[in-house]
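Trainee: I am attaching a structure below and will ask some questions about it afterwards.
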Amino acid sequence: MKVGTDGVLLGAWTSLEHEPFSILDIGTGTGVIALMLAQRSDAELIDALEIDEDAYEQAVENFENSDWGDRLFCYHAAFDEFVEEMQDEEKYDLIVSNPPFYSADYSSGDAKRDQARFAEALPFEELLEGVSLLLSKKGKFSVIIPFAEEEKFLYLAGDFNLFPQRITRVKGTPNSEVKRSLLEVSFLETQPIQDELIIETSRHQYTPEYVELVKDFYLKM
């Protein structure tokens, strides 16, 4: 399955400064973000969750074929079921998610693909509530969402005592509109660090900042 820019961005951007012992990737797809975090960290436990059976099977295969298979585990379940089962267990120090977009006004230009995304979508409120139950007191939650959803997402996060720590707004080119927001939230109320990331100056001419961020994960970069 295709590796999307969003997943690579999130996997590379997510902070590991607090040296998480345990990590959860919600909606792992084929496991790219979980694998990137295994490559970048010494976390002893990296759990991934995927509801789609084909993607789940692909993730399991990818985990088993990686150098970090002993630290990676994938669950085939819906998020609400997982939360119910795991909320009384040890909390995660880091949670990440590249969620299917739920916004009614989001469009990829492909109606069938949009319909599939809406059907699989995890409403932000459900996502944030679950994260608040699974995240350790000093843990962090990182997510990538459409920029148009940023304000709503952070407002909802506040309802679960999750506050922004870092915000990076992503543009395709210097003159294009902001397309994505990379957000890190935690239970700590503080003034967030905000910046901007531009991916390309022109077609396939990547900015030094983008190259620096993702170069460890591409064979040709």
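Trainee: Report yes if some residue within region 71-78 is aromatic (F, W, Y), on the phi < 0 side of the Ramachandran plot and at pLDDT 95 or above; otherwise report no.
Mentor: Within region 71-78 (the criterion being aromatic (F, W, Y), on the phi < 0 side of the Ramachandran plot and at pLDDT 95 or above), the answer is yes, since at least one residue qualifies.
Trainee: Could you please find all residues in region 32-47 being over 15 Å from V143 (Cβ atoms) and in contact with a strand residue (DSSP E or B) (Cβ under 6 Å, 6 or more places away or on another chain)?
Mentor: A38, A43, L45, I46, D47
Trainee: Name the single residue that is nearest to the chain's Cα centre (by Cα) among those in region 174-221 being crowded, with 18+ Cβ neighbours inside 10 Å and among the hydroxyl-bearing types (S, T, Y).
Mentor: That would be S181.
Trainee: Which residues, counting only those in region 52-80, are among the acidic types (D, E) and over 20 Å from the mean Cα position of the chain (by Cα)?
Mentor: Residues satisfying the conditions are E61, E64, D67, D70.
Trainee: Name, by its number, the condition in (1) farther than 13 Å from S142 by Cβ; (2) modelled with pLDDT of 95 or more; (3) not basic (K, R) that does not hold for V3.
Mentor: Result: V3 fails condition (2) only.
Trainee: Another question about this same structure. Scan region 129-144 for residues that are over 13 Å from P99 (Cβ atoms) and in a strand (DSSP E or B) and jot them down.
Mentor: L135, S136, K137, K138, G139, K140
Trainee: Give just the number: which of (1) buried (at least 18 other Cβ atoms within 10 Å of the Cβ); (2) under 15 Å from the mean Cα position of the chain (by Cα) does K171 not satisfy?
Mentor: Unmet for K171, out of (1) buried (at least 18 other Cβ atoms within 10 Å of the Cβ); (2) under 15 Å from the mean Cα position of the chain (by Cα): (2).
Trainee: Search region 7-19 for residues that are at pLDDT below 95 and pair each with any residue that is of a type in the set (G, A, S) and part of a loop (DSSP other than H, G, I, E, B) when their beta-carbon atoms are under 9 Å apart and the residues are at least 6 apart or on different chains.
Mentor: Sorted first by the residue in region 7-19, then by its partner, the pairs are G7/G29.
Trainee: So L188 fits all but one of (1) in contact with a helix residue (DSSP H, G or I) (Cβ under 7 Å, 6 or more places away or on another chain); (2) in a loop (DSSP other than H, G, I, E, B); what number is the exception?
Mentor: Failed condition: (1).
The values are calculated or read from the model by the stated rules, or taken from the named source; none is laboratory data. Just so we're clear, the structure is a prediction, and the values are computed from it rather than from any experiment. Here Cβ is always computed from backbone atoms with ideal geometry, including for glycine, and neighbour counts include all displayed protein chains.
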